[in-house]
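Everything on this sheet refers to the single structure shown next.
The values are calculated or read from the model by the stated rules, or taken from the named source; none is laboratory data. Every value quoted in this text rests on a predicted model; they were computed, and no experiment measured them. Methodologically, a virtual Cβ is constructed for each residue, glycine included, from the backbone with ideal geometry; neighbour enumeration extends over all protein chains shown.
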Amino acid sequence: MADFRMFQKAAAEGLSAATAPKRKAMHPSAAWFGSATVAICLSTQPLHAQTQQQQDRIDRVSRLIVTAPLCRGLGMAVDSDLPAKVAAGFKAETAKWGVPSGRLEQLAAASADRQGKLFAQDLDTEEANAKSAAQLRKLSTILLGYGRTCVEATSDPLFSASIQKPAGFDLQVAATKFADSMLEDGGLASWQTPVIQARGDLMMVAGTCRAVIGKARSDALFAEFGRSDDARTRDYYLKSFDIGLDDTDRQFNLAQCNRMINGFRGRIARGGIR
């Protein structure tokens with residue numbers, strides 16, 4: 001009977017990523033099952049045939065394990081003991097397959113490596129390309145697809161006790177909220193209108209140029225454009241201002257600062273139109 005230590009390691013590392021900063025939680029490492037380990041397995045284990053149905057099951061379990069951290073990000077409850085429970089359940093499920101344990105470990109390792117790479121590549125690519133409304137919708141669509149995988153997990157025998165939806169769970173709302181959390185610092189979240197984006201940019205300039213334009217003018221810009229009754233919008237303005245204050249790499253002169261300030265003021269006056 002297979003030990004599936006490598007399979008369990010994949011689940012453990014995937015779940016631990018969910019406790020890291022959000023950016024890392026979105027991208028479980030594609031190196032959970034290193035190519036060197038897989039190569040050793042391939043060279044030392046004799047090949048034994050498994051059915052397509054069995055391969056599909058291995059891939060499904062790998063996909064659900066890789067997606068588990070994102071399920072938590074979508075607001076689902078994910079059991080911290082999921083790795084051990086899935087590994088034990090998978091061992092019991094595959095005991096009757098008649099496939100040698102070494103071969104099963106090899107297949108599980110290769111499958112988890114592949115699914116991890118697909119997961120990371122999908123999200124890395126779309127987040128990096130999210131610069132327009134259409135691209136933002138594409139990122140949300142990808143997150144929605146992974147969200148459906150999470151919903152699928154809640155009815156899978158190996159995962160249903162470890163991944164659970166909260167009452168009244170709305171996948172569309174959860175996926176949009178998660179996409180926004182990835183993009184809001186850059187002003188690209190669904191709720192950030194062109195005016196909000198322009199005001200955030202102006203707040204960044206007010207921070208970056210503070211030493212050049214002086215405290216009084218920087219404070220005046222913040223008082224005029226950095227306030228909002230909406231807590232989420234206000235937090236975005238504050239973060240933008242802080243980013244500007246922390247930016248010591250770019251040194252603008254007074255003419256450059258004035259040009260940026262006037263440009264963003266004009267964009268705000270035009271309703272965010274560039």
### Query
Within the bounds of the range 98-110, is there any residue that is outside any helix (DSSP H, G or I), farther than 25 Å from residue 188 by Cβ and of a type in the set (A, V, I, L, M)?
yes
### Message
Going residue by residue through the range 15-28, is there one that turns out to be modelled with pLDDT of 85 or more and either more than 27 Å from the chain's Cα centre (by Cα) or assigned to a loop (DSSP other than H, G, I, E, B) (or both)?
### Response
no
### Message
Could you go through the range 160-171 and let me know if any residue there is in a helix (DSSP H, G or I) and out of contact with any Ser or Thr (no Cβ under 6 Å at 6 or more places or on another chain).
### Response
yes
### Task
Mind telling me which of the residues 202, 139, 183 ends up being in contact (Cβ under 8 Å) with a residue 24 or more places away in the chain, outside any loop (DSSP other than H, G, I, E, B), closer than 28 Å to residue 123 by Cβ and touching a Ser or Thr at 6+ places or on another chain (Cβ under 9 Å)?
183
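Conditions tested, residue by residue: (1) more than 17 Å from residue 114 (Cα to Cα); (2) surrounded by fewer than 24 Cβ atoms within 10 Å (Cβ to Cβ).
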{"site": "66", "(1), (2)": "no, no"}
{"site": "71", "(1), (2)": "yes, no"}
{"site": "78", "(1), (2)": "yes, yes"}
{"site": "94", "(1), (2)": "yes, yes"}
### Query
For the range 205-222, does any single residue satisfy the condition of being under 25 Å from residue 129 (Cα atoms), in a helix (DSSP H, G or I), at pLDDT 95 or above and of a type outside the set (Asp, Glu)?
yes
### Message
Exactly one condition in (1) surrounded by 15 or more Cβ atoms within 10 Å (Cβ to Cβ); (2) aliphatic (A, V, I, L, M); (3) under 24 Å from the mean Cα position of the chain (by Cα) is false for residue 173; which is it?
### Response
(1)
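Yes/no per residue for (1) on the phi < 0 side of the Ramachandran plot; (2) modelled with pLDDT of 85 or more:
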site: 84; (1), (2): yes, yes
site: 90; (1), (2): yes, yes
site: 98; (1), (2): no, yes
site: 106; (1), (2): yes, yes
site: 125; (1), (2): yes, no
site: 129; (1), (2): yes, no
site: 139; (1), (2): yes, no
site: 146; (1), (2): yes, yes
site: 155; (1), (2): yes, yes
## Note on the structure
Per the list (1) part of a helix (DSSP H, G or I); (2) modelled with pLDDT under 95, residue check on residue 265 breaks on (2)
### Query
Which one is surrounded by the fewest Cβ atoms within 10 Å (Cβ to Cβ) among residues in the range 247-273 that are in contact (Cβ under 8 Å) with a residue 12 or more places away in the chain and charged (D, E, K, R)?
250
### Summary
Those residues of the range 229-260 that are over 33 Å from the mean Cα position of the chain (by Cα) and in a helix (DSSP H, G or I) come to a total of 6
